[in-house]
Amino acid sequence: MRAARPSRRTVETDLGRKRRARRIGRLLTEAHPDAHCELDHSGPLQLAVATILSAQCTDQRVNEVTPKLFRRYPTAADYAGADRAEMEELIRPTGFFRNKTNSLINLGQQLVERYDGQVPGRLVDLVTLPGIGRKTANVILGNAFGVPGITVDTHFQRLMHRWELTAETDPVKIEHAVGALFERRDWTMLSHRVIFHGRRVCHARKPACGACTLASVCPSYGTGPTEAAPAAKLLKGPRARELAVQAGVDPDLVPPTAVVSDTP
């Protein structure tokens, strides 16, 4: 039996919010055991490049482009000395390819000049590099260096607001506010699970409230359809039917197209 959902009219204490946040974290762990960085990469340089390319682009599209790119430019020095026209053509499908080419070439030059061609493993250094802001830096640190970090992308920000874990709108303030609710060691995987949930269940326009395992702890329950049938149709990803089962919904209500759909 599900516990009563928190009401918007209820004043939640800081301790109550932290306890609810930890409950959300546990439910996310159960719902998304497959959560991971969805940008294909091998090592810090490839991850930095892929993350730069992911701006205003789906991870799936980036992953289609990067194999050839990584073969053509295996080192920072290769990016530093790249032919601009050739690189633009390679990354054109990711959009904003001229700006991204500038970032990649400048990134390679800075890494060669300042860090002996290696991607640094400190936030203070990463954010000084071309094309790398705090969000990108946390992705690199958490997934390439094992340094815990919170990635505040659009999915993460949306869900933090829906779950009323913070009212902050500045990404850095969101990062600090949410970080205070969870153990530091969990930050990186929490980010992946929240993003997975945002892409597969809690969509921006119409979340699958009636097929969500977090319904009992979500003060925004009802933003999307609460009936099983319409909610199940909104689930996405290869585990869509499993997500339905976890929420107590008939998996046959999940359309076959949802299982193979892209999750931007």
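Points to keep in mind about this one:
- Selection count where residues are closer than 18 Å to Glu88 by Cβ, modelled with pLDDT of 95 or more, in contact with a Phe, Trp or Tyr (Cβ under 9 Å, 6 or more places away or on another chain) and hydrophobic (A, V, I, L, M, F, W, C), scope the range 57-76: 0
- Some residue of the range 202-209 being free of Cβ contacts under 8 Å to residues at least 40 places away in the same chain and either touching a strand residue (DSSP E or B) at 6+ places or on another chain (Cβ under 7 Å) or open to solvent by 60 Å² or more (accessible area, probe 1.4 Å) (or both): yes
- Listed by first and then second residue, the pairs with beta-carbon distance under 9 Å, at least 6 apart or on different chains, first residue in the range 239-253 and open to solvent by 80 Å² or more (accessible area, probe 1.4 Å), second part of a helix (DSSP H, G or I) and among the acidic types (Asp, Glu), are Arg241/Asp252; Gln246/Glu30.
- Of the helices (runs of 4 or more DSSP H) lying entirely inside the range 133-198, those containing at least 3 residues that are among the hydrophobic types (A, V, I, L, M, F, W, C) and surrounded by 21 or more Cβ atoms within 10 Å (Cβ to Cβ) span 134-144, 154-162.
- Hits in the range 71-89 (condition: aliphatic (A, V, I, L, M) and surrounded by fewer than 18 Cβ atoms within 10 Å (Cβ to Cβ)): Ala77, Ala85
- Cβ-Cβ under 9 Å pairs, at least 6 apart or on other chains, the range 8-32 side modelled with pLDDT under 95, far side surrounded by fewer than 10 Cβ atoms within 10 Å (Cβ to Cβ) and not in a helix (DSSP H, G or I): none
- Restricting the range 246-257 to residues that are within 24 Å of the chain's Cα centre (by Cα) and either in a loop (DSSP other than H, G, I, E, B) or at pLDDT 95 or above (or both), the residue that is nearest to Arg162 (Cα to Cα): Ala247
- Lys100 being open to solvent by less than 30 Å² (accessible area, probe 1.4 Å) and either at pLDDT below 95 or basic (Lys, Arg) (or both): yes
- Qualifying residue in the range 212-222 (condition: at pLDDT 95 or above, out of contact with any helix residue (DSSP H, G or I) (no Cβ under 7 Å at 6 or more places or on another chain) and open to solvent by 60 Å² or more (accessible area, probe 1.4 Å)): no
- Scanning the range 53-70 for residues that are in a helix (DSSP H, G or I) and surrounded by 15 or more Cβ atoms within 10 Å (Cβ to Cβ) returns Leu53, Asp59, Arg61, Val62, Asn63, Val65, Thr66, Leu69, Phe70.
- Residue in the range 93-109 that is farther than 24 Å from Gly142 by Cα and assigned to a loop (DSSP other than H, G, I, E, B) present: yes
- Odd one out for Ala50, checked against (1) in a helix (DSSP H, G or I); (2) open to solvent by 10 Å² or more (accessible area, probe 1.4 Å): (2)
- Only residues that are open to solvent by 40 Å² or more (accessible area, probe 1.4 Å) and part of a loop (DSSP other than H, G, I, E, B) were counted in the range 223-233, giving 4.
- Checklist (1) closer than 28 Å to Leu181 by Cα; (2) crowded, with 21+ Cβ neighbours inside 10 Å applied to Val124, failing item: (2)
The values are calculated or read from the model by the stated rules, or taken from the named source; none is laboratory data. Fair warning: this is a prediction, and the values are worked out from it, not measured in the lab. All Cβ positions, glycine included, derive from the backbone under ideal geometry; neighbour counts span all protein chains shown. Side chains are part of the model used for accessible areas, which takes the heavy atoms of the whole protein and leaves out ligands, DNA and RNA. Shrake-Rupley method; radii C 1.70, N 1.55, O 1.52, S 1.80 Å.
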